[in-house]
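The values are calculated or read from the model by the stated rules, or taken from the named source; none is laboratory data. In this text, all values refer to a predicted model and were calculated from it rather than measured experimentally. Cβ atoms come from the backbone with ideal geometry, glycine included; neighbour counts cover every protein chain shown.
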Amino acid sequence: MTGNDQKTILVVEDECSVRETVVRNLEFLGYRVLQARNGEEGLSISRQHEKSIDLVFTDAVMPRLSGPGMVDTLRKEKINTPVLYTTGYADTHGISREEQVLTKPYTTNELAAKIQEFIGTAQT
């Protein structure tokens, strides 16, 4: 397959070291990765990205705009973008019961398996 078929994931995470690790691991797994430091930046990147985003992987609790707040806006603009939340808190902070959550800390294998449930394996 060509690079045009590569799956794109938007990673939204306010903790720099966590975001960098996730981005590095997803790129190693063959995904195209866009990254944002908070929900506001995630919205901006999503709006500017010309091609479709296959998955939004977002922290639930962030400054400026929470993951659920960002997703509410994204759903109004990009109806079918799947979302996978992550959080280290027991309280789900606005995530509905229907949403998928990957609890921190998680391994690269757990992340890869969860993402494959949503969008499949990356093709390069």
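What is the one condition in (1) surrounded by 18 or more Cβ atoms within 10 Å (Cβ to Cβ); (2) assigned to a helix (DSSP H, G or I); (3) at pLDDT below 95; (4) of a type outside the set (Lys, Arg) that Val22 does not satisfy? For Val22, the failing item is (3). Restricting attention to the range 25-41 and to residues that are in a helix (DSSP H, G or I) and either out of contact with any strand residue (DSSP E or B) (no Cβ under 6 Å at 6 or more places or on another chain) or of a type in the set (Asp, Glu) (or both), the residue that is surrounded by the most Cβ atoms within 10 Å (Cβ to Cβ) turns out to be Gly39. The residues listed here are Leu65, Leu55, Leu29, Leu74; of these, the one that is over 19 Å from Glu117 (Cβ atoms) and modelled with pLDDT of 90 or more is Leu65. For the range 62-76, residues that are without any contact (Cβ under 8 Å) to a residue 40 or more places away in the chain, in a loop (DSSP other than H, G, I, E, B) and of a type outside the set (Ser, Thr, Tyr) total 2.
Restricted to the range 1-19, and to residues there that are in a loop (DSSP other than H, G, I, E, B) and more than 21 Å from Gln100 (Cβ to Cβ), the residue that is modelled with the highest pLDDT is Gln6.
The single condition among (1) outside any strand (DSSP E or B); (2) under 25 Å from Asn109 (Cα atoms) that Ser44 does not meet is (2).
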